[in-house]
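Quick notes on the structure that follows.
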Amino acid sequence: MVLTTRRRTLLGMGGACSLGLLGTSAEALAAQENGRKLGYAIVGLGTYADVILPRFAECRHSRVTALVSGSPEKARRYAAQYGVPDSGLYSYDTFDTIRDNPDVDIVYVILPNGMHHEYTLRAAAAGKHVMCEKPMANTAAQAEEMIAACRAAGRKLMIRYRSHFEANNREAMRLARSGELGTLRIVTAEHGFNIGDPTQWRLNRALAGGGSLMDIGIYSLQAARYLTGEEPISVSAVESTDRSDVRFREVEDTINFQLVFPSGVVADCVSTYGSHHNRYRVVGTQGWLDAEPATAYEGNRLRLRREWRTADHPAPELALNQFSGQLDHLSQCVMTDSDPIVPGEEGLRDMRIIEAIYRSAREGRTVAL
Ligand code: NAD
């Protein structure tokens, strides 16, 4: 029973459009598409868009062809920098006319969490495929609507879980699931940072959907799931928030949670807006792996202990960095009509567990999943 559940989950996290497409078969695909790069529209020109936009330069199958911004001046400045024509510039009001732009294949939503649902629905209605930032939405119900809208439109939906495209994380997944650490027993995962400006949208409930769990703790949740390759069967959570702190009038600061998996593995997870954490550790009966930083933009480090020896364990390099690799992955899934390895359903699973974590903290009891 346990093995069946585990195997089904592993297959579920696989998907038809394999990462192998980023390797040698990429050339074959490019030839098939006459070298065409699919066009991305970037919605929201904030901090993370600044991380993403330069990464198109390394992509083989993706280019940026449109920008959506509330500021025409900013849009023009970015357009000049990234070679986007005037015909590819949109405001939030004119966004829906993107349906008439044949150079846009994929809409990439990099807006505050509370806007992901609306812009995914509008993108699907415009006949575009969607890349949506994490967390997928404010609620599981919204996530379900996003999946249904893309399905009804016959369009792909992928959630931007970049760790699935990062070399160390992929190696950690392989090691943890392969049995090389023995039988898995314990996972610990910590993600957090000391949040600043009390006026930012991340501290506004309507725009953020919640506090640290929605923004950074979701990395601990993801890690526990992708390292074990299992789905949790129950969750217990404890919240600690100083409501007199002006930053935490609407959302939580710290919410730590424990997940129990079918095989018996237990994951202890930290999620906080109070201190800096970026780490996970997987302990099995024959050894452990430790990643710190674990899910950073760069400089991730993996250590491994086996046969009584501890050593750095550099992962085999991937053809592309995590950012470009993820952009190209969706382009290739569109070209080959296959499913992304992190589809909307993957985001929905997290949203359901996140809601259970909040319920457990609120009601002071373990919640079955
Ligand atoms: P940001 O505040 O820097 O940018 C948000 C953008 O949305 C800005 O351009 C802003 O002008 C625009 N916007 C439009 N309407 C808005 C409104 N009503 N209120 C506030 N902003 C509005 O945020 P960010 O850090 O770029 O985060 C955007 C999304 O990307 C979030 O969902 C976040 O979780 C995600 N993100 C993901 C990663 C990752 O590694 N995958 C990293 C950072 C952020």
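Enter the Cα centre distance for the pair region 293-369 and region 91-150, rounded to the nearest angstrom.
22 Å
Quick one: ranking Asp105, Asp242 by accessible area, 1.4 Å probe, largest first, what do you get?
Listed by decreasing accessible area, they come as Asp242, Asp105.
Rounded, prolate or oblate: which fits region 200-338 when a ≥ b ≥ c are the square roots of the eigenvalues of the alpha-carbon gyration tensor, with rounded for a/c under 1.5 and prolate only if a/b beats b/c?
oblate
Counting only DSSP beta bridges with both residues in the chain, tell me the antiparallel percent, nearest 5.
Once the DSSP bridges in the chain are tallied, antiparallel ones form about 60 percent.
Output the Cα-based Rg and Dmax of the chain in Å, rounding Rg to one decimal and Dmax to a whole number.
According to the Cα coordinates of the chain, Rg and Dmax are 20.3, 62 Å.
What does the charge count around Ala291 come to, taking other residues whose C-beta lies under 10 Å from its C-beta (Lys +1, Arg +1, Asp -1, Glu -1)?
+1
What ranking of Glu145, Glu307 comes out by heavy-atom accessible area, probe 1.4 Å, highest first?
Listed by decreasing accessible area, they come as Glu307, Glu145.
Going by average Cβ neighbours within 10 Å, how do the peptides 228-238, 83-93 rank, with the highest at the top?
228-238, 83-93
Restricting to Cα pairs below 8 Å that are 6+ residues apart, what does the relative contact order work out to for region 68-219? Please round to a whole percent.
Relative contact order for region 68-219 comes out at 18 percent.
Which whole-number percent gives the relative contact order of region 202-276, counting Cα pairs below 8 Å spaced six or more residues apart?
Contact order relative to length: 35 percent.
Normalised by the number of residues in the chain, what is the relative contact order in percent for Cα pairs under 8 Å and 6+ residues apart?
21 percent
Quick one: among Glu58, Glu133, Glu166, which has the greatest mean-square fluctuation in a GNM of the chain with alpha-carbon springs under 10 angstrom?
Highest fluctuation among the options: Glu58.
Any idea how far apart Ile186 and Ala368 come out in nm if each label point goes 7 Å out from Cα toward Cβ?
It is 2.8 nm.
If we sort 50-56, 197-203, 158-164 on the protection proxy, mean other Cβ atoms within 10 Å, highest first, what's the order?
158-164, 50-56, 197-203
Multiply the residue separation of Asn194 and Asp337 by 0.36 nm, subtract the distance between their alpha-carbon atoms, and state the gained length in nm to one decimal.
Values: separation 143, 0.36 × 143 = 51.48 nm, distance 4.16 nm.
Full extension from Asn194 to Asp337 adds 47.3 nm.
Write out the trypsin sites (Lys or Arg not before Pro) in region 264-369 meeting two conditions: DSSP loop, and at most 13 other Cβ atoms within 10 Å of their Cβ.
Numbers: sites: Arg279, Arg281, Arg301, Arg303, Arg305, Arg306, Arg309, Arg349, Arg352, Arg359, Arg362, Arg365; in loops: Arg301, Arg365.
When the trypsin sites (Lys or Arg not before Pro) of region 264-369 are filtered for loop state and at most 13 Cβ neighbours within 10 Å, Arg365 remain.
Can you give the angle from 0 to 90° between the axis of helix 116-125 and the longest principal axis of the chain, with both taken from C-alpha atoms, to the nearest 10?
Helix 116-125 sits roughly 40 degrees off the main axis of the chain.
Quick one: grab the alpha carbon gyration tensor of region 278-369, order the square roots of its eigenvalues as a ≥ b ≥ c, and give me rounded if a/c is under 1.5, else prolate or oblate depending on whether a/b is larger than b/c.
Values: a/c = 2.32, a/b = 1.03, b/c = 2.26.
Note, shape of region 278-369 comes out oblate.
Using only the alpha carbons of region 69-150, determine the length spanned along each of the three principal axes and report them from longest to shortest in whole angstroms.
38, 24, 20
For region 140-220, rounded, prolate or oblate, judged on the Cα gyration tensor with a ≥ b ≥ c (square roots of eigenvalues), a/c < 1.5 rounded, else prolate if a/b > b/c?
Oblate, since a/c reaches 1.5 and b/c is not below a/b.
The values are calculated or read from the model by the stated rules, or taken from the named source; none is laboratory data. Since we're looking at a predicted model, the values are computed, not measured. Because the Cβ atoms are built from the backbone with ideal geometry, glycine has one as well, and the counts that use them run over all protein chains shown. Remember, those area values only see protein heavy atoms, side chains included, never the ligands or the DNA or RNA. Shrake-Rupley method; radii C 1.70, N 1.55, O 1.52, S 1.80 Å.
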